[in-house]
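Below is one structure; the comments refer to it alone.
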Amino acid sequence: MSKGCLIDSFAKERVLERKFSPEIDRYHSDLGNRFVQIILPKEAGTDPARRFPVLYLLDGEEAVNRDTWNFLAILQRLRSEVEPLIVVALHGRGRGPEASQQRVADMGFPLKNATRRALWERALQVDNFRIPDTGEESVEYYFRLRSEPRGDALAHFVLFVLKPWIDTIAPSDPAPGMTALGGVSMAALFALNLALSSGLVGRAFAVSPSCWWDDEALLGLVTTKDWTSSSRARLYLGYGSKEGHLRLNGRDVATEPVIRLHAALIEAGWRDGVDVRLGNEPGKHQWQCFGPRTEAGLLFLFPRADQR
């Protein structure tokens, strides 16, 4: 397949583009077509031997959209404070209810909690399923999924198909400590999962992560594993001050699970403000509100050497 063409982006960076087709690997055929943009820093053209950290961003179509997340404009504004980095924007499936369900299935790992899995299997048989004994709309999206969560397939694609290709065609530093994965909501949970379990991702940029997934299974991973200094990825956990409205049975499922995860990480040996940072920034759970959380995460994970 073509390695793509160089074009000018609105951020005045150099951009490589490629569309991955399902035919690339049958293992990934249920992930759909994946359009990828690779945004190279200006410094990439001045020193051919220099290598840069890479941030793989899920929901890439929102990252480059001025009307929603507008990530590239935020990165451009922080140029003097953030080290030069390569941004790989992995686009999703588009918008709409069906695309939203597919997005959750793509990024959610298979359910391990027996009670949750039994409810999900029941939900497959019922249209407009609602969690028993509650009149509230469920934010636990897997009850609406019509297919098995396949985060393991997307993880394999990112780590063993996309990343090796990037390391071949871009001036990237392939070391785990120079490899970051990020996103919003379910994508943020996916990023944390890989940073904590793969050994290949050394930084996670998690904006409003869906830590409630599978009865807070990620929290269980942190509390049951023995961690060494080399196995502790650098993590940013950011949530919005007005996200507490997402509730289930009167329980906050947006902010409290993130706070509990942060506390567990500190207990497991992460150093607050050094290895992990918990950010409480203004805003709701909406694309247009993710700017302050994005700025805080970039400044923590990618500070320029003279500002560390």
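Structure notes:
- Qualifying residue in the range 28-35 (condition: modelled with pLDDT under 70, under 18 Å from LEU181 (Cβ atoms) and not hydrophobic (A, V, I, L, M, F, W, C)): yes
- Sole exception among (1) open to solvent by less than 40 Å² (accessible area, probe 1.4 Å); (2) assigned to a loop (DSSP other than H, G, I, E, B) for TRP165, by number: (2)
- Among the conditions (1) open to solvent by 40 Å² or more (accessible area, probe 1.4 Å); (2) modelled with pLDDT of 75 or more; (3) within 20 Å of the chain's Cα centre (by Cα), the only one that ASP47 does not satisfy is (3).
- Single residue of SER229, SER197, SER210 found to be open to solvent by 70 Å² or more (accessible area, probe 1.4 Å), modelled with pLDDT of 85 or more and on the phi < 0 side of the Ramachandran plot: SER197
- The set of residues from the range 268-297 being part of a strand (DSSP E or B) and either within 17 Å of ALA254 (Cβ to Cβ) or open to solvent by 30 Å² or more (accessible area, probe 1.4 Å) (or both) comprises ASP272, ARG277, LEU278, GLY279, ASN280, GLU281.
- Residues (open to solvent by 60 Å² or more (accessible area, probe 1.4 Å) and modelled with pLDDT under 90) located in the range 249-267: ASN249, ARG251, GLU256
- In the range 168-192, the residues that are among the β-branched types (Val, Ile, Thr) and either buried (at least 24 other Cβ atoms within 10 Å of the Cβ) or modelled with pLDDT of 95 or more (or both): THR179, VAL184
- Count of the range 168-190 residues which are more than 21 Å from ALA63 (Cα to Cα) and assigned to a strand (DSSP E or B): 0
The values are calculated or read from the model by the stated rules, or taken from the named source; none is laboratory data. Everything numeric in this text was worked out from a predicted model, so none of it was measured. Glycine gets a Cβ as well: all are built from the backbone with ideal geometry, and neighbour counts include every protein chain shown. Only protein heavy atoms, including side chains, enter the accessible area calculation; ligands, DNA and RNA are left aside. Shrake-Rupley method; radii C 1.70, N 1.55, O 1.52, S 1.80 Å.
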